[in-house]
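Student: Structure below; questions to follow.
The values are calculated or read from the model by the stated rules, or taken from the named source; none is laboratory data. No experiment lies behind these values; they were computed from the predicted model shown. When we count neighbours, we look across all protein chains shown, and the Cβ atoms used for this are built from the backbone with ideal geometry, even at glycine.
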Amino acid sequence: MLTRRQALRGALLGAGYIGLRSLATGLPAALLLDPRKALADVPACGVAAGKAQFVIFATSGNGDAINANVPGTYEDSKIYHPKDPLMAATALSLGGQKTTAAMPWSKLPQSVLDRTTFWHLMTNTPVHPKEPDVLSLMGTTSAGEMLPSILAKHLAPCLGTIQSQPISLGASSPSEGLTFGGQALPIIPALALKATLTNPAGPLTNLQPLRDQTLNQLYGIYKNEANAAQKQYIDSLVTSQSQVRNIKQELLNQLTQITDNSISSQIKAAVALIQMKVTPVIAIHIPFSGDNHRDIALANETAETVSGVQAIADLMALLASTGLTDQVSLMSLNVFGRTLNASNIDGRSHNPNHQVSFTIGKPFKAGIIGGVAPVAGDYGALPIDSKSGKGSPSGDVKTTDTLASYGRTMLAAMGVPQAAASYEISSGSVIASALA
Amino acid sequence: MRNRTTMLAGTLVSALAALAACGTGGGSHDDSTGQPAQPLSAASAPLPVETSPPAVYVAKVKNILVGLPPTDEEVKAVEADPSKLATLIGQWQQLPQYQTKMIRFFELAFQQTQIADVDFTDQTFPQRVSINKQTTPLLVQNAIESFARTVSALVSQGHSLTEAMTTRSFMMTPALMEFYAYLDAWQVDDAGKVTDRMRALYPNAKVTITGTDIPIADSLDPTNANFLTFTNPNLATLDAAYPGCFTDPIVYKGGGLANTVQRVLQGSLDGRPNPNGGTNCPPIAGQLAGPLTADDFATWKMVTTRAPKAGEPITPFYGLDKLRAGTELVLRVPRVGFFSTPAFFANWQTNTSNQMRVTMNQALIVGLGAAVDGTDTTQPTSTPGLDATHANSPACVSCHQTLDPTRSIFASQMSWNYHNQTEAAFSAQPGLFSFQGVTKPVASLDEFGATLASHPLFAQAWVQKLCYYANSRKCDSADPEVQRIVTAFAAAHFDWNALVRDLLSSPITTSAKATKTLADQGEVIAVSRRDHLCAALNARLGFADICDLDPTTVQKGKSIGTISEIVSGLPSDGYGRGSVAPVLPNAPSLFFRAGAENICGAIADLVVDPKNPVAGQKQWSSAAPGAAAADFVQIVMALTPSDKRSAPSIAALQSHFDAAVKTGAAPTDALKSTFVVACLAPSAVSIGL
């Protein structure tokens, strides 16, 4: 055990008098030692070698109708799908597994389909405001941390990102915003991101290093008169300044193509952030119908399924063109899915029993996890056999555990050790058959 | 800034914090054993309760209230007598910036924000409210501001805050009056069926657009031969661009009469079938000035709404002259309190499944600071409107037995598109208010407003909302000081300005003395979130709207460059559906830091050696860098000359200027850089330093 004497000696005199320099400048000592390392909240990478991936996390608090038109929903003829020819039932192959889905899904490149997994889950809520709870896997995560934040915390030190916190680019309301360690994170639309990170060329930018020096002086002046809470806060200002300076300026031109806050721009921004190694997890919002209670002939569901799948295709193409295909995984999780029975002709209601997530990436074995069956006048997710991944009434993963199991499997896919995953998510099982 | 008594402890904690960060190369292991190190007792012990001195909390309170920096006299007055803070607050409440800040607070607290024109489409179903890109943002902004201006006017006249629940009078512009009246003429029922009351009044009327000069008064006069014949001087130009589509005259015969007229008033032309065949003629949005002028979106007055007497017609939305001159609207749709404004409805749209539950739940959250969440033990005496499916589900009934009877209050009055309820199954079923200890039949929105106003949770709810705004966190309701403030607010007949004085001069906000909240939760230092930051920049530097948050602001000094884009990503006060607490990102991030730097750089161009000086806007000359540095510290960093941090900060800024010049920078650029440093200083971008 470190004694108080050893501690004080180490702090003040060790490592090139870093402790004294820290006291003199008022800056956190770890920053003086190694600014980049000090910016990561987790001291070392605890993830299995080669497993860590950047994650693009699609989420919607609207409860979009992804679950209505994906593989696994075409075996039961009573499940209602849009009649538009654009949504015709179409055969496709997921890693060699023959299945059927709405036509847009079949248009994804086969190389993408061969890494695509559809997860039939139950979020167990029909209520929009539960979006944060669903992202926290309905009370099964440690301290209520959201799945994107758990992933970010574990992946950041392995990927060497500037910050550990995830970033939300696409949240359409504060309900879709993320938290990290109990702190609400800002929502940064794509256009704002571009305007925020782009340094206007000119003499002011040239004076940036000098300004940082003067600001460090000011931080010291403030800290001299600060109480503990104020000191802690000033330290976080210091950290944020160091983080900004760690952004690779030469990659900022990736943001110049952003002209709006559409999903297309979110995708460009997300990939740019990955290339700049800013954060391990980026949240986006891909519309797949919105909250379509009144949707005549499911026209909006049709249009947004077409555009939503196209957005996925565009993302995958961009990742391929930037050489990131094997380093980035796409995951989705919405607050709930929508009702599926034959009465859903001109709109769909909330479905607490069935939500479909998709994952696309190197760590995943393509296919369908779980399934759907009649429940309470509509349809709901089946229990899952954790070994085969198939939906079955006798599956060992109960429907109420499917959400946590999804989270556990995502952590496993990213190489988070089982003990750590068990700490982070208290229930559920790893669906091993979903992993490549 | 800390008190001397806490300095020693602070130094020790600081040193140990540095140790934890670096002492053993990460601080998490004992090198000798390889085992995780035990936390040091001193570092892991709770931090001592540390109070703040007047220099810090006077700056905090003044910033929150008006965005301005404190003066030396103000700080010294509070140092001599802390009770003087309440007096100062009273003086600051007389400044125009206080109204500005309170209007923004009320916009957020009454949940009239976070909306765009598309969110009104339920109410104007199936058409959008307007397609004119110039006037639509103005109308939306009018809708957002209206209720906040209403409350601001009411409380400044000495009315109780409870009137925000019951008022039938609202601050409106003529353009907003037109919109309210239009919504009354455009009835949409639960099934989405539209009844065009203007068409019912004028079954054979048609809208004609011509290049011939027709006085607008004639166009809007039902007794005139040119009624609904509008002049558009651009028809020839448009027709040249779209041959055949805009041949004079254009006549709109079919479709919704009220909707077509409403769009013309807003300065737009609907698309229509091409007389020459082929694809439809395009709608023309934003190229035309409409009969509604810029003044119609900027002239505010208190307008009373009331139901029509027997046989009395509703106010015609196209009677612009009367709208401009009048202060009354006769409407069938009941408009009462914050919960029936078009902005609130746009925010919390219901639907055929939800049937007003979201609207009611949000109204409870706003009015009483509590939501239906299944924990309320109030037992309703009856359950009108209880959904049969949910009634039979144990998991659902705890919420629905409360929510369904209460939402029936709305459902009995309004359709799912927020027009008159015409479906007998709902209109014949009055609601029952049953929430948090209060159960009573409620037959109208007026009664609902009165029920909120008299509810025991009202006082506490609004103290908490102000707590979140001022302190970036919830106040501990078990804190005796908080309870005292709640009791005093109720005893003062819910005098809002008195509450502001009380809470902002309380140690709950100042941390001048130990409180339970401070002891249990510590002090929250937060980034200056978007509204606070922009208000401070406006107030301190003389801008009208540097962040471009208000499209109706027409004065000079609006945003330049990308500031408006950056601020859309700054941490901001938000509220989520079903959430009692606002979303308050408090921590600095790299994005906040980078965004603030770019904002400060853009502002530096406006205030340092400006090429086109603007009256009322601060400006500094690079020929006098010393004076500028002193100003930057006092005005931008909000440190008074007697503050211990002031002199070294001025010296640091002066050194920065000198060093920049030495590197070869032009004096103007050197001073701009100096301004950016001040603008990024902790007390300039934070609340609580």
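Student: Anything in the stretch A:168-184 that is within 8 Å of chain B (Cβ to nearest Cβ) and either under 27 Å from residue B:675 (Cβ atoms) or not in a helix (DSSP H, G or I) (or both)? List them, or say none.
Tutor: The answer is A:173, A:177, A:183, A:184.
Student: Right, here's the next one. Keeping to the stretch B:605-638, report how many residues are within 9 Å of chain A (Cβ to nearest Cβ) and crowded, with 24+ Cβ neighbours inside 10 Å.
Tutor: Of the residues in the stretch B:605-638, 1 are within 9 Å of chain A (Cβ to nearest Cβ) and crowded, with 24+ Cβ neighbours inside 10 Å.
Student: While we're looking at this one, here's another question. For the subset of the stretch B:572-598 comprising residues that are at the interface with another protein chain (Cβ under 7 Å from one of its Cβ atoms) and of a type in the set (D, E, K, R), which member is surrounded by the most Cβ atoms within 10 Å (Cβ to Cβ)?
Tutor: Here the answer is B:593.
Student: Of the residues that sit in the stretch B:639-673 and are β-branched (Val, Ile, Thr) and more than 8 Å from chain A (Cβ to nearest Cβ), which one is nearest to residue B:617 (Cα to Cα)?
Tutor: Among those residues, the one meeting the criterion is B:668.
Results for (1) touching a Leu at 6+ places or on another chain (Cβ under 8 Å); (2) part of a helix (DSSP H, G or I); (3) surrounded by 24 or more Cβ atoms within 10 Å (Cβ to Cβ), shown as yes or no for each residue.
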position	(1), (2), (3)
B:63	no, yes, yes
B:73	no, yes, no
B:77	yes, yes, no
B:108	no, yes, no
B:115	no, no, no
B:118	no, yes, no
B:132	yes, no, yes
B:145	no, yes, yes
B:150	no, yes, yes
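Student: Can you give me the ranges of the strands (runs of 3 or more DSSP E) entirely in the stretch A:313-395 with at least 3 residues that are farther than 29 Å from residue A:270 by Cα?
Tutor: Fully inside the stretch A:313-395 and qualifying: A:372-375, A:378-381.
Student: Sticking with this structure for a sec: Has the stretch B:344-356 got any residue that is surrounded by fewer than 20 Cβ atoms within 10 Å (Cβ to Cβ) and either among the β-branched types (Val, Ile, Thr) or in a helix (DSSP H, G or I) (or both)?
Tutor: yes
Student: Quick check on my filter: what residues within the stretch B:370-410 are under 20 Å from residue B:575 (Cα atoms) and surrounded by 24 or more Cβ atoms within 10 Å (Cβ to Cβ)?
Tutor: B:372
Student: Ok, one more. From the list A:346, A:295, which residue is closer than 19 Å to residue B:349 by Cβ and in contact with a Leu (Cβ under 8 Å, 6 or more places away or on another chain)?
Tutor: Of the residues listed, the single one that is closer than 19 Å to residue B:349 by Cβ and in contact with a Leu (Cβ under 8 Å, 6 or more places away or on another chain) is A:346.
Student: Look at the stretch B:247-298 and say how many of its residues are without any contact (Cβ under 8 Å) to a residue 40 or more places away in the chain and more than 21 Å from residue B:140 (Cβ to Cβ).
Tutor: Residues flagged as without any contact (Cβ under 8 Å) to a residue 40 or more places away in the chain and more than 21 Å from residue B:140 (Cβ to Cβ) within the stretch B:247-298 amount to 15.
Student: Next question, about the same structure. Limited to the stretch B:641-689, what total is found for residues that are in a loop (DSSP other than H, G, I, E, B) and surrounded by fewer than 22 Cβ atoms within 10 Å (Cβ to Cβ)?
Tutor: The qualifying residues number 7.
Student: Separate question: Filter the stretch B:375-433 down to the residues that are within 23 Å of residue B:349 (Cβ to Cβ), modelled with pLDDT of 90 or more, outside any helix (DSSP H, G or I) and among the acidic types (Asp, Glu) and list them by number.
Tutor: B:423
Student: Considering only the stretch A:220-256, how many residues are more than 7 Å from every other protein chain (Cβ to nearest Cβ) and more than 25 Å from the chain's Cα centre (by Cα)?
Tutor: Looking only at that region, the number is 7.
Student: I would also like to ask the following. Kindly establish whether residue A:402 is buried (at least 24 other Cβ atoms within 10 Å of the Cβ) and closer than 17 Å to residue A:154 by Cβ.
Tutor: In short, no.
Student: Restricting attention to the stretch A:271-288, does a residue exist that is buried (at least 21 other Cβ atoms within 10 Å of the Cβ), in contact with an Asp or Glu (Cβ under 9 Å, 6 or more places away or on another chain) and hydroxyl-bearing (Ser, Thr, Tyr)?
Tutor: Looking through the stretch A:271-288, none of the residues is buried (at least 21 other Cβ atoms within 10 Å of the Cβ), in contact with an Asp or Glu (Cβ under 9 Å, 6 or more places away or on another chain) and hydroxyl-bearing (Ser, Thr, Tyr).
Student: Mind checking which helices (runs of 4 or more DSSP H) fall wholly inside the stretch A:63-135 and carry at least 2 residues that are within 22 Å of the chain's Cα centre (by Cα) and aromatic (Phe, Trp, Tyr)?
Tutor: Correct list: empty, since no element meets the threshold.
Student: For a quick check of your reading of the model, give me the residue pairs whose first member lies in the stretch A:313-329 and is more than 17 Å from residue A:251 (Cα to Cα), whose second is polar (S, T, N, Q), with beta-carbon atoms closer than 8 Å and at least 6 apart or on different chains.
Tutor: Note: pairs meeting the criteria are A:314/A:264; A:316/A:325; A:327/A:53; A:328/A:53; A:329/A:53; A:329/A:359.
Student: Would you mind stating whether residue B:135 is of a type outside the set (A, V, I, L, M, F, W, C) and modelled with pLDDT of 90 or more?
Tutor: The answer is no for residue B:135.
Student: Looking for something within 21 Å of residue B:527 (Cβ to Cβ) and at the interface with chain B (Cβ under 7 Å from one of its Cβ atoms) - is there at least one such residue anywhere in the stretch A:137-160?
Tutor: no
Student: Name the one entry in B:569, B:601 that is assigned to a loop (DSSP other than H, G, I, E, B) and surrounded by 21 or more Cβ atoms within 10 Å (Cβ to Cβ).
Tutor: B:569
Student: Let me ask you something else. Would you mind finding the one in B:510, B:517 that is in contact with a Lys or Arg (Cβ under 9 Å, 6 or more places away or on another chain) and at pLDDT 95 or above?
Tutor: B:510
Student: While we're here: Which numbered condition trips up residue B:463, out of (1) of a type outside the set (Ser, Thr, Tyr); (2) within 17 Å of residue B:339 (Cβ to Cβ); (3) in contact with a Phe, Trp or Tyr (Cβ under 7 Å, 6 or more places away or on another chain)?
Tutor: (2)
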